[in-house]
1. Quote the charge dipole size of segment A:276-416 about the Cα centre in Debye, to the nearest 20; the model charges only the Cβ of Lys and Arg (+1) and of Asp and Glu (-1).
2. For segment B:84-322, report the translational diffusion coefficient in µm²/s to the nearest whole number, using Stokes-Einstein at 37 °C, 0.692 mPa s, and a Kirkwood Rh over Cα pairs.
3. What number, rounded to the nearest 500 deg cm²/dmol, is the helix-based mean residue ellipticity at 222 nm of chain B, given -39500 (n - 2.57) per DSSP H run of at least four residues and division by all its residues?
4. Are there DSSP H segments in chain A that both extend 18 Å or more along their axis (alpha-carbon positions) and score a mean Kyte-Doolittle hydropathy of at least 0.5? List them, or say none.
5. Here is the link list: A:117/A:382; A:421/B:87; A:235/A:412; A:62/A:344. Which ones come out longer than 19 Å on Cα distance?
6. So how strong a dipole does the protein assembly as shown carry about its Cα centre when Lys and Arg Cβ are +1 and Asp and Glu Cβ are -1, to the nearest 20 debye?
7. Give the long-range amide H neighbours of residue A:126: residues separated by 5 or more places, or on another chain, with amide H under 5 Å away, using H modelled in the peptide plane at 1.01 Å from N.
8. For the pair residue B:42 and residue A:216, how long in nm is the line joining their label points, each one 7 Å along Cα→Cβ?
Amino acid sequence: MFSMKKTVAILGAGAMLVSVAACGNTNSSDNGGKKEISFQTWNLKNDKYTPYFEELIKAYEKDHPDVTIKWLDAPSDGYEDKLSSQAASGQLPDIVDGGNSILYGLAKAGALLDVSKEAPDAQDDYYEGAWEAVTMQGNGIEKGAYGLPWYVNDGPTYWNTELMSECGLDPNNIPTTWDEYFAAGDAIVKNCKDKGIYLGITMGYNAEDLLTAGVKSFMNSDHSKYTFNDEAGVKQLTRFVDLYKAGGIPPEALDSSWSQAADLFQRGNLVAMAGSAYSAAGFKQNAPDLYDHLAVGPRISDDGRSASLAYEMLGISAQSKHPDVAIDFARFVTNAENQVAFDKQASVFPSAKGGLEDEYFSNIDESTLEGKALKITLDQVKNGYGSRPAEFTDNNGYKNFQQQIALAMQGKQTPKEALDKSVEFANEKLAQ
Amino acid sequence: MSNAAFAADRSEAIKASDRPEPMNRTHHKKQDRSFGTIIAPYLFVLPAFVIVFVFIVLAALNTFRLAFTNSTLLRPGKFVGFDNFIKLFHDEYFLTALLNSTLYVICVVPFMVILPLILAYLVRGNSRIMGFFRTSFYMPVVMSAVVVGMIWTNLLDSAGLVNSMLKAMKIISKPIPFLTDRWGVLFSSMFVTIWLGLGYYMVIYLTALANIDESLYEAASLDGAGPVRQFLYVTMPGVRSTMMLIMMLSTIAAFRVFNEIYVLTNGSAGPGGMDMTMSMLIKREGTGIQARTGYASAISIVVLVIVGTMLIIQQIVQKRGED
């Protein structure tokens, strides 16, 4: 007879080994004759969106009785790491939700299907810009669409009208071009320098600020080199560096994130901030006093187009046992009707053709700040584009780009050196 | 008993023990028990062994293997010899990280060894007020990194409490760039590290202080030694081995610093990435979908070698001191 201690030891060891061996299998399988597809989103399983997804899955399963959809949702913190470990262990869900840089990494590793090969007609369902966003090529990736476009996000520039008046700016004349923007910066430096009020911290986290100022292209056509260090790029960065040195941009801009910018804006330190369409609702809740003094304008641009469109996409795992079903369900999720239903709740925009013509988008109530923000963003989405190529990920260029700009602002190098070094670094990473 | 008689007696005893016992049921039971007794300790150790083997030994061996490949997280890569190590010494971020981590050790370790000892010396004793101080000093140890980050970012921000107070007192006219300047961030992080570590090392010193014989203090007092001389000539020699232990622990921790700089800079490694440390660099290179696991492993090996060398030097110095 084994003693209690020995029994516990054996059971403990056994349980541990079983649990290690049983570490979650998340990809497709056949469940009782049904095809089971796993669909992974991030940060969408909550009171606001769960009913939408449950209804969506129910509707699909009703039309496809032989298919079961297993909806997984991962927290936003560490989502990329989770996808990495899932892909590395061969456990990538059949359908994964992600931005272009995430899907690019997976595509480069051969973990995603080229949808343009598997479903050549899918391209016709989406707006051209959206399809371009999912199309990847170069550096080991065969040209193709490594996902289906889902929702699109962008936003207006929010302006604090109280601070505008205090610093000698006309709140009824919101800057829209870079010349107007830097003129506003000069006025703020002149009138508000010692009050802890700054124009904004736009440059340093928005690579698109180069393209809307005349930089011809971020990369060359075959995606083998970066090209944003041209004359227009250097000129634009020089203007930001000069504004920083004059005191129109706060020191926090040197290593700030978007959330820090929002904090500074809400604290009344910034006159302007680039936000998303749904930032207005956030200001209403978190900073009601500020909300009463807000105005919205388009993203600053010399050509009237926004370059800050961010596309969310659904990638299909190359290891899916049922790729046809996975693609079919992903197309169902991203069709115009279902996208618009989701967009209404999330204040985002559809990438499927016909979506932007929906009645919901043509009847926006512009009497509120939220409505104005939505309308401006809608116009931007219609003719804007996403400037940051999928290759320009945080670790493969973007963070370095920000760091080089910070060094230029501190006077440790010239704007040209900053952009040249940034291009050199990113090109090196491309080759790896 | 003479030696010869004793030897004979022992020999007899051994012979007697060699004799086989008659076969009976008790013998079987004994054999069963001895089998159980043999296997039980292994079973108890097995879970821990599996965990250590899989997550430490195998992981470490794999790191060594990866360091000589150009693998990424999703691609196994090829053997590239010492390429990763050669690249390292041409990588500006690596050189910056090496400098920052080394400075961290040089600046933080002396404070980590001395300050907690002084603190422990001051708060030893059983009174309630001392208990209150001990608890207060230990408090930061139990705080999460996020909370620590929020506290210190709010305090050291250009519009934070510290700058506002200094401005209000007319000591400064412009905010001190605690979080917006390379050296400001580095020294602020060092301060936070010391603040965090004080309580932890203080507790270790308190245990060591409790082992010093009170009579030594009495003797020193009789010899006319005041509190300072008692601290220098009784306390410090009494906790010498603990000091060495803390020096080793804090050296390892300081060279691998991550949390403090990460939370103070929101993960950006400071303006221009100039506050990068070795651990932050490993994280940057070794995580994410396009993680360069080969390169990150090479950095890990360098960290291991440097920390190992530091510890060996400390051991040699300690031994020479003892001799």
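1. On the way: 14 positive and 18 negative charges, 137 e Å.
Computed charge dipole of segment A:276-416: roughly 660 debye.
2. Numbers: Rh = 20.0 Å.
The Stokes-Einstein estimate is 164 µm²/s.
3. Values: 15 runs with 228 residues, N = 323.
Mean residue ellipticity, 222 nm, calculated: -23000 deg cm²/dmol.
4. Numbers: long enough: A:4-21 (25 Å, 1.42); A:50-63 (20 Å, -0.99); A:178-192 (20 Å, -0.07); A:231-246 (22 Å, -0.18); A:369-383 (22 Å, -0.33); A:415-431 (24 Å, -0.68).
Span-like helices here: A:4-21.
5. Over 19 Å Cα-Cα: A:117/A:382; A:62/A:344.
6. Working: 64 positive and 80 negative charges, 716 e Å.
The dipole magnitude comes to about 3440 debye.
7. For residue A:126, whose amide H was placed from the backbone, the distant partners under 5 Å are A:353.
8. The modelled label-to-label distance comes out at 7.3 nm.
Since every read-out is calculated from the coordinates, none of them should be taken as a lab result. Since the structure is predicted, the reported quantities are computational estimates derived from the model, not experimental observations. Using ideal geometry, Cβ is built from the backbone for each residue, glycine included, and neighbour counts are taken over all protein chains shown.
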